[in-house]
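I have a structure here, written as structure tokens, and I will follow up with some questions on it.
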Amino acid sequence: MRTRSTSGTVGTVGVVTLVLAALLGSAYALGRSMIPDPPRQPLGASAQVDGAQYGEQPADPAAPPATRPDGSSPAGTPTTGADPDTPQPASGGDGPFGSHASTGTGEVALTFDDGPDPTYTPQVLEVLRAYGVKATFCVVGENAQDHPDLIRAIVADGHTLCNHSWHHDVLLGKRSPALIRADLIRTNDAIHAAVPDAPVSYFRQPGGAWTYPVVSVAEGLGMTPLHWTVDPNDWQVPGAAKITATVSRDTGPGAVVLMHDAGGDRQGTVDALRRLLPDLTGRFQLEALPPGGAN
């Protein structure tokens with residue numbers, strides 16, 4: 001009687017196993033190569049060039065604005081970062097996720113984001129002062145910490161302050177409520193280190209990437225979530241002429257106009273503001289948003 005070698009059997013099994021593994025690996029690699037990579041979503045200007053640069057490009061750039069200039073809401077309100085299982089805050093506004101996208105009155109509010117900046121914020125303040133216009137400044141916490149003198153100048157001129165997160169975190173709304181709250185409190189603390197008694201009645205989510213949690217946390221801290229009606233995309237540096245034309249054309253009663261005094265080269269915005277104010281002050285009453293929050 002012949003006895004089959006145990007070692008020979010083990011060797012044969014091992015070879016077969018290796019061959020099968022190689023075949024399966026080749027099939028998987030071939031299948032993966034046939035699946036295209038998912039497209040990348042732009043998040044706006046965020047490069048570090050001589051200091052922080054920010055942009056208000058939404059996480060979904062194809063999403064329509066929250067409201068038209070006349071205050072009506074188009075179909076398809078942005079839903080960036082939405083959690084359908086999270087209840088909407090009870091107060092609610094006319095913007096995405098219950099934020100406020102209009103003044104609620106016939107007055108027009110000019111808002112300036114991402115500052116303060118030592119080059120452009122003083123110029124914006126000078127132009128506003130020349131026309132007797134009060135505005136709302138949505139400040140980034142780290143910039144407020146670095147330039148407390150400019151926070152004091154904004155308040156001294158009678159403008160309203162708005163929290164714009166510590167580091168312009170477009171993804172802030174997707175973080176835990178505890179982290180969102182810590183970020184907003186840290187930013188308010190930096191503002192109050194410069195001007196202890198200054199009310200911070202508004203919060204604007206960077207990029208307009210609103211979620212129900214970030215709206216809820218902001219309201220829980222006594223801040224009105226502030227969106228916008230008119231966006232000239234000045235963060236893309238289109239030039240003073242385009243910024244002027246867009247704002248002049250799209251602004252109507254109750255509009256909240258988004259512009260920038262920091263986060264990159266904002267000279268075009270400053271130059272546009274000089275052209276815009278004679279036109280806008282002749283057509284509307286321009287006022288800072290009230291310190292107690294929007295209606």
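What is the packing order of peptides 110-121, 183-194, 222-233, taking the mean over residues of other C-beta atoms within 10 Å and listing the highest first?
Working: 110-121: 24.7, 183-194: 18.9, 222-233: 23.2.
For the peptides 110-121, 183-194, 222-233, the packing ranking is 110-121, 222-233, 183-194.
Additional query: Could you list which residues have their amide H under 5 Å from that of PHE203, counting only those 5 or more apart in sequence or on another chain, with H placed in the peptide plane?
Amide H neighbours of PHE203, under 5 Å, 5+ apart: ASN163, THR224, LEU226.
Can I ask one more? Could you provide, to the nearest whole Å², the per residue accessible area of the stretch 223-273 with probe 1.4 Å? If you can, show how the numbers build up before the last one.
On the way: 1410 Å² over 51 residues.
On a per-residue basis, the stretch 223-273 sits at 28 Å².
Mind giving me the FRET efficiency for ALA182 and VAL237? R0 is 22 Å, r the Cβ-Cβ distance, nearest 0.05 is fine. Kindly include the intermediate steps, with their values, before the conclusion.
Numbers: r = 33 Å, r/R0 = 1.49.
Efficiency, rounded to the nearest 0.05: 0.10.
Calculated FRET efficiency, GLN267 and HIS192, Cβ-Cβ r, R0 35 Å, to nearest 0.05? Working shown, then result.
Working: r = 31 Å, r/R0 = 0.87.
Rounded to the nearest 0.05, the efficiency is 0.70.
Which order, highest average first, do 260-272, 168-180, 151-163 follow once you tally other Cβ atoms within 10 Å for each residue and take the mean per peptide?
On the way: 260-272: 23.3, 168-180: 18.8, 151-163: 20.5.
Final packing ranking: 260-272, 151-163, 168-180.
The values are calculated or read from the model by the stated rules, or taken from the named source; none is laboratory data. None of these values were measured; they are calculated from a predicted model. Note that we place each Cβ from the backbone using ideal geometry, even for glycine, and neighbour counts take in every protein chain shown. Accessible surface is based on the protein model in full, side chains and every heavy atom, while ligands, DNA and RNA are left aside. Shrake-Rupley method; radii C 1.70, N 1.55, O 1.52, S 1.80 Å.
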